[in-house]
Amino acid sequence: MYKLNTIDSREITKHIKFLWSGARYHISELDEDDALQLTELEALEKDAIENGCGESEWENGIEIINDNFIANYIRQKLEDAEILSRHFPSWLIIDWDETVDNFLKDYTELSMGHATFWVRTSVEIPDWQK
């Protein structure tokens with residue numbers, strides 16, 4: 001689950017329920033790996049909800065992006081919005097570090113284990129996405 005590029009919050013909720021189905025009363029009834037994963041997923045969910053995405057947004061499904069994929073994710077978003085051509089000339093240079101920094105102003109960083117993820121917390125829709 002940690003190696004995915006993006007994941008929908010509903011999948012995390014579904015996996016939390018699945019893990020809890022292995023324990024009748026208490027987390028100590030789970031094996032060590034499942035207990036650790038359950039603890040991390042619940043912490044990720046709580047962190048996302050408390051830091052701006054909101055419980056209803058979480059329940060309706062928000063996209064959570066792996067930090068290792070964020071630059072590609074941003075490029076895909078810009079291409080999908082037709083701001084950036086898929087046939088961008090190779091001689092034109094984009095400062096992707098600066099682009100990522102600007103893009104992430106509307107996102108909150110979340111951690112799970114040794115992995116970092118990003119979730120959108122801004123409710124304002126940027127002009128380029130309208």
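The values are calculated or read from the model by the stated rules, or taken from the named source; none is laboratory data. All values reported here derive from a predicted model rather than from experimental measurement. Ideal geometry is used to build each Cβ from the backbone, glycine not excepted, and the neighbour counts take in all protein chains shown.
Brief remarks on what is shown
- Test: residue in region 96-106 that is touching a Ser or Thr at 6+ places or on another chain (Cβ under 7 Å) and either at pLDDT below 90 or under 16 Å from R10 (Cα atoms) (or both): yes
- Checked against the criterion of being surrounded by fewer than 16 Cβ atoms within 10 Å (Cβ to Cβ), under 14 Å from the mean Cα position of the chain (by Cα), within 20 Å of L4 (Cβ to Cβ) and touching a residue at least 12 places away in the same chain (Cβ under 8 Å), the candidates T108, T116 yield just one match: T116.
- Output for region 40-76, where each listed residue is farther than 16 Å from T121 by Cβ, in a helix (DSSP H, G or I) and of a type outside the set (A, V, I, L, M): E40, E42, N68, F69, N72, R75, Q76
- Residue among E79, E42 that is in contact with a helix residue (DSSP H, G or I) (Cβ under 8 Å, 6 or more places away or on another chain) and either farther than 14 Å from T6 by Cβ or small (G, A, S) (or both): E42
- Residue list for region 1-39, restricted to those being of a type in the set (A, V, I, L, M, F, W, C) and in a loop (DSSP other than H, G, I, E, B): M1, L4, A23, L30
- Hits in region 26-41 - residues which are surrounded by 16 or more Cβ atoms within 10 Å (Cβ to Cβ) and either over 14 Å from G113 (Cα atoms) or free of Cβ contacts under 8 Å to residues at least 40 places away in the same chain (or both): L30, D34, A35, Q37, L38
- Set A23, A71, A81, A48: member being without any contact (Cβ under 8 Å) to a residue 12 or more places away in the chain and of a type outside the set (F, W, Y): A23
- Selected residue [touching a strand residue (DSSP E or B) at 6+ places or on another chain (Cβ under 9 Å) and modelled with pLDDT under 90] from S90, S111: S111
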